[in-house]
Amino acid sequence: MPNSVFIIGHKNPDTDSICAAIAYSYLKNETSQGEIYIPKKAGSLNKETSYVLERFGVEEPETISDVGAQLMDIEYRRLEGVDGHISLKKAWELMLERDVVTLPVVGKNGKLEGVIVNGDIAYSYMDVYDNSILSRARTQYSNIISTLNGTLVAGNPHAYFVKGAVVIASSNREDLKDDIARDDLVIVGNITARQLVCIEAGCSCLVVCGASAVDPKVEKLANEHQVVLITTEYDTFTVARLIHQSMPIRQFMKKEDIVSFELDDYVDDVRDVMRNVRHRDFPILDENRHYIGMVSRRLLLNMQKKRVILVDHNEKSQAVDGIEQADVLEIIDHHRLGSLETVSPILFRNQPLGSTATIVTLMFKERKVDIPKHIAGILCSAILSDTLMFRSPTCTPTDEALAKELAAIAEVEVTELATSMFEAGSDFKDRTAEQIFHQDYKVFTSGDTKFGVAQVSSISKGQLNSIKNDIKIYMETVLNSSDLNAVYVMLTDILNESTELLFVGGEADKIIADAFRIPVAVNSYILEGVVSRKKQLIPPIMESLQE
């Protein structure tokens, strides 16, 4: 919808990014007019977040993998399709009427059968010298009547001219029979004797020029011989010039290798294809190949970018794909300033709090909007998740105070909610190492060094140990399939407030040793008291790399 704004968290979303997006969408819809704010997610939910949404009866946001401009974001031309049986003349008239050079040919089932461009019509008129092409094209007599502005005197207008050539009866009466073969279409002047000879010679269709009526004897003979008899007030020269325009467009339309697009195709990809194809207009189809409309290079100039608000991140590497093509309106975050750039000034709210949900809660209070029970529940859950139930060094008194207020509104007990959430998130049964790794994974860059950090938290040390070997193997896969210099996984024991840091990559061990001023380890580092990626792990790594 043109007035919609998507509110999206980071890739590999956690509870804070999802709940903040949902709650902020609710707040914006309560305080704004003329816009519709829709929460989206940039990846699959982890088990903790799924538990939270289900517990408070909140619908899971739809996934959006790319916010780049798509064909659905432009005002494409909803040009009506035409039937393949219409004449070239009719197609030409429609092109002039609609101010287009391409017509989509669509079957009764709605599927695209071909396209015809004005060049195809020019070819039929200028480069075809075959007087049998009218029959090979299976031209319907109704097309001939329409093209010549004629009148049907005898015969079936819905029948087809399928055999014979087009002949002009210009010879002497004695030689006329020799010029006409059986089943030919004959063009003749308004001379009764000649008309009778043509019918007796076995023509299948007789076009009488310069006349609006014929002698009754001619009409009677035409009916007896089952000849289609047409009169037109055009002269013979004009009829001979126009009659080829009665052929159906299916004879000349392009049927194979048609370049087409779908509504969810991205504009950048469409432009790349258009650069290599000389056509001006291209059909848009749905997933079942049904015709929808037409798009041209010129229409791409009217593209409307998707409008988005980002929550819980401001790093381009963590943002949904295509963010550089979107119109970013706001950023609500609690992390360090990252690499994301915008074209114009935006609302950027960044506070050193333990959770984006805390910032959103403050905005509810500032705007004096009541927080409903279900929104309070997910906001409280997000604060508890990001602060590890107030154990994280990122937690502030504001986070704790607001979480308790929200718990009262949601009618939940903080410790019980946090324990239930962490237990749900720590259930690694039936989950692959890939799924566990990506449930909370972010990529960071400092100078020429690019590294990824995943965090897996649990209230059970035994559960963390049970997945350690599989995670270590998968980390090698991530490293080898990317341009990263190092990959880390934080196995965080929430209750004991410690992290075992796994690592892979040539310099991965040295980066941590330098950052924390500790001896180089062989397999992993035990970081006592470290539970926050944002505040306790990333800052010393960044400082070390910058040094």
Looking at region 387-405, is at least one residue in a helix (DSSP H, G or I), in contact with a Lys or Arg (Cβ under 6 Å, 6 or more places away or on another chain) and crowded, with 21+ Cβ neighbours inside 10 Å? no
Kindly provide the set of residues from region 103-131 that are open to solvent by less than 50 Å² (accessible area, probe 1.4 Å), in contact with a helix residue (DSSP H, G or I) (Cβ under 8 Å, 6 or more places away or on another chain) and closer than 16 Å to Glu256 by Cβ, ordered by number. Val105, Gly114, Ile116, Asp120
If a residue must be part of a helix (DSSP H, G or I) and open to solvent by less than 60 Å² (accessible area, probe 1.4 Å), how many such residues does region 13-69 contain? 18
Can you confirm whether region 427-443 contains a residue that is open to solvent by less than 50 Å² (accessible area, probe 1.4 Å), outside any helix (DSSP H, G or I) and small (Gly, Ala, Ser)? no
Hey, which of the strands (runs of 3 or more DSSP E) in region 458-547, taking only ones fully inside, have at least 1 residues that are open to solvent by less than 70 Å² (accessible area, probe 1.4 Å) and β-branched (Val, Ile, Thr)? 486-493, 498-504
For region 354-370 the number of residues that are over 19 Å from Glu60 (Cα atoms) and either assigned to a helix (DSSP H, G or I) or open to solvent by 30 Å² or more (accessible area, probe 1.4 Å) (or both) is 11
Would you pick out the residues in region 132-147 that are part of a helix (DSSP H, G or I) and open to solvent by 60 Å² or more (accessible area, probe 1.4 Å)? Arg136, Ser146
More than 26 Å from Asp386 (Cα to Cα) and not charged (D, E, K, R) - does that describe any residue in region 525-544? no
Limited to region 302-350, what total is found for residues that are among the polar types (S, T, N, Q) and open to solvent by less than 50 Å² (accessible area, probe 1.4 Å)? 4
Are any of the residues in region 171-186 outside any strand (DSSP E or B), open to solvent by 10 Å² or more (accessible area, probe 1.4 Å) and closer than 13 Å to Gly155 by Cα? no
Contacts under 6 angstrom Cβ, first residue in region 435-454 being more than 23 Å from Gly425 (Cβ to Cβ) and among the hydrophobic types (A, V, I, L, M, F, W, C), partner assigned to a strand (DSSP E or B) and open to solvent by less than 20 Å² (accessible area, probe 1.4 Å), 6 or more apart: Phe451/Phe444; Phe451/Ala486
Which count do you get for residues in region 249-266 that are in contact with a strand residue (DSSP E or B) (Cβ under 7 Å, 6 or more places away or on another chain), in a loop (DSSP other than H, G, I, E, B) and closer than 25 Å to Met72 by Cβ? 6
Within region 70-91, restricting to residues that are of a type in the set (A, V, I, L, M) and part of a loop (DSSP other than H, G, I, E, B), the one that is surrounded by the fewest Cβ atoms within 10 Å (Cβ to Cβ) is Ile74
For region 525-547, which positions are among the small types (Gly, Ala, Ser) and either closer than 23 Å to Asn350 by Cβ or modelled with pLDDT of 95 or more (or both)? Ser532
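The values are calculated or read from the model by the stated rules, or taken from the named source; none is laboratory data. Remember, predicted model here, so these are calculated numbers, not experimental data. For neighbour counting, all protein chains shown are included, and Cβ atoms are generated from backbone atoms with ideal geometry for every residue, glycine included. The area values use the complete protein model at the heavy-atom level, side chains included, leaving out ligands, DNA and RNA. Shrake-Rupley method; radii C 1.70, N 1.55, O 1.52, S 1.80 Å.
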